[in-house]
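The values are calculated or read from the model by the stated rules, or taken from the named source; none is laboratory data. Given the structure is predicted, the values throughout are model-derived calculations rather than measurements. Methodologically, a virtual Cβ is constructed for each residue, glycine included, from the backbone with ideal geometry; neighbour enumeration extends over all protein chains shown. Just the protein is used for accessible areas: all its heavy atoms, side chains included, with ligands, DNA and RNA removed. Shrake-Rupley method; radii C 1.70, N 1.55, O 1.52, S 1.80 Å.
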Amino acid sequence: MHENFAEVIKPNSAEAELLGAIDFAHLPQHVAVIMDGNGRWARQRGERRIFGHRAGVESVRAIVDTSARLNLKAVTLYAFSTENWKRPKLEIGALMQMLKYYLRTELDEIHRQSIKFQAIGKIEGLDKSVQKQIAVATEKTANNTGTILSVALNYGGRAEIVEACKKAIENLQQNGDSVANLTEADIEANLYTRGLPEVDLMIRTSGEMRISNFLLWQLAYSEIYVTETLFPDFRRREIFEAILDFQKRERRFGGIEKK
Ligand code: IPE
Ligand code: IPE
Ligand code: MG
């Protein structure tokens, strides 16, 4: 068994078998996850939606821990969209409380695993106390060289592209250059995800076949994996299954089948 998992996976277990099938030379470099289905998970149990969000925190821990053990370059989690402000105030408040709680209680572990934390999205639009907790986690882990964990908060893909275009055009104008010379690289350099590898694999839980304004630019050639599993039930075994499925895909990037 891979040494990084020896302390958390029992030999000969179903997880060990899945792990054994993974080709470590061809891991996705960057995995992005739309964490969806917390509300339905709670409803199935006759509970309020917040109960589902709370259960989802354990799945976040599993994804972050597994990504670090797999040595992925980057993992990006969609936690709160620009559209999620339409939800009841009580639910939004609970989500923000949970986020702060997660950052406070997990920071030492994240740091120990050499994970570099960052938040992406319109962070200035979040509550001051949330911004503070984000700043603490970002600063503490700034020099870590392991997996880069980006949490998308008050994030919208269209807004990100508009902002990146504005900055890229400003840069051109400051250099006395014409907008006609704007390139894809100029826009990419101004996205929140600048410097991260391409998103190879995008996972969405809860069976919804849509992007919901997530990483619109970055998903151009990502492999997409949708599982019926609701987010609170999405754990290490499912991450392995998603990676194994990814490793079976043939990525052509517009070209033709490799012989
Ligand atoms: C979590 O799942 C996604 C977040 C916005 C935190 P949902 O809260 O969207 O759950 P469903 O889709 O209603 O089941
Ligand atoms: C997408 O889930 C946003 C996050 C996971 C943060 P939603 O539950 O908000 O998406 P829709 O409304 O089903 O498209
Ligand atoms: Mg949802």
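Helix-only arithmetic for the chain: the sum of -39500 (n - 2.57) across DSSP H runs with n ≥ 4, divided by the residue total, places the mean residue ellipticity at 222 nm at -13500 deg cm²/dmol.
Across the chain the C-alpha pair distances fall into 5 Å bins from zero in the proportions 1, 5, 12, 16, 18, 18, 13, 8, 5, 2, 1, 0, 0 percent. Applying D = kT/(6 pi eta Rh) to segment 14-57, where Rh is the Kirkwood radius over alpha-carbon pairs, T corresponds to 37 °C and eta to 0.692 mPa s, the Stokes-Einstein value obtained is 252 µm²/s.
Extension gain, ASP23 to ARG194: 0.36 nm times the residue separation minus the Cα-Cα distance gives 58.8 nm. Taking a Cβ cut-off of under 14 Å around GLY207, the surrounding Lys, Arg, Asp and Glu residues balance to a net charge of -2, with basic ones at +1 and acidic ones at -1.
Ligands, DNA and RNA left out, the accessible area of the chain computed with a 1.4 Å probe is 50% carbon and sulfur. Using only Cα atoms, locate the centre of segment 83-157 and the centre of segment 1-54, then give the distance between them in Å, rounded to an integer. That distance is 20 Å. Sparsely packed loop sites in segment 209-256 (the trypsin sites (Lys or Arg not before Pro) outside DSSP H, G, I, E and B with at most 15 other Cβ atoms within 10 Å) comprise ARG210, ARG249, ARG251, ARG252.
Among the GluC sites (Glu not before Pro) within segment 1-39, those in coil by DSSP and having at most 14 neighbouring Cβ atoms inside 10 Å are GLU7. A full extension of the chain between SER178 and LYS166 corresponds to an added length of 3.0 nm, given 0.36 nm per residue minus the alpha carbon distance. Relative intensity of segment 1-75 on a log10 scale, I(q)/I(0) at q = 0.11, 0.19, 0.24, 0.26 Å⁻¹, equals -0.39, -0.89, -1.05, -1.13, per a Debye sum over C-alpha point scatterers of equal strength in the absence of solvent. Kindly state, to the nearest 0.05, the FRET efficiency for GLU241 paired with LEU219, given R0 = 25 Å and r defined as their beta-carbon distance. FRET efficiency, GLU241 to LEU219: 0.75.
Counting charges near GLY195 (Lys, Arg +1; Asp, Glu -1) among other residues having Cβ under 12 Å from its Cβ returns a value of +1. Using the Cβ of ILE134 as centre and a radius below 14 Å, the other residues enclosed give a net charge of +3, where K and R count +1 and D and E count -1.
Computed from point charges on the beta carbon alone (+1 for Lys and Arg, -1 for Asp and Glu), the dipole magnitude for the chain about its Cα centre is near 760 Debye. For segment 214-248, chymotrypsin sites (Phe, Trp or Tyr not before Pro) are listed when DSSP marks them as loop and at most 14 other Cβ atoms sit within 10 Å of their Cβ; the list is TYR221. Remark: the chain carries 53 Å² of accessible area per residue (probe radius 1.4 Å; ligands, DNA and RNA excluded).
Potential lengthening of the chain between LYS10 and ARG45 amounts to 9.6 nm, from the contour at 0.36 nm per residue minus the alpha-carbon distance.
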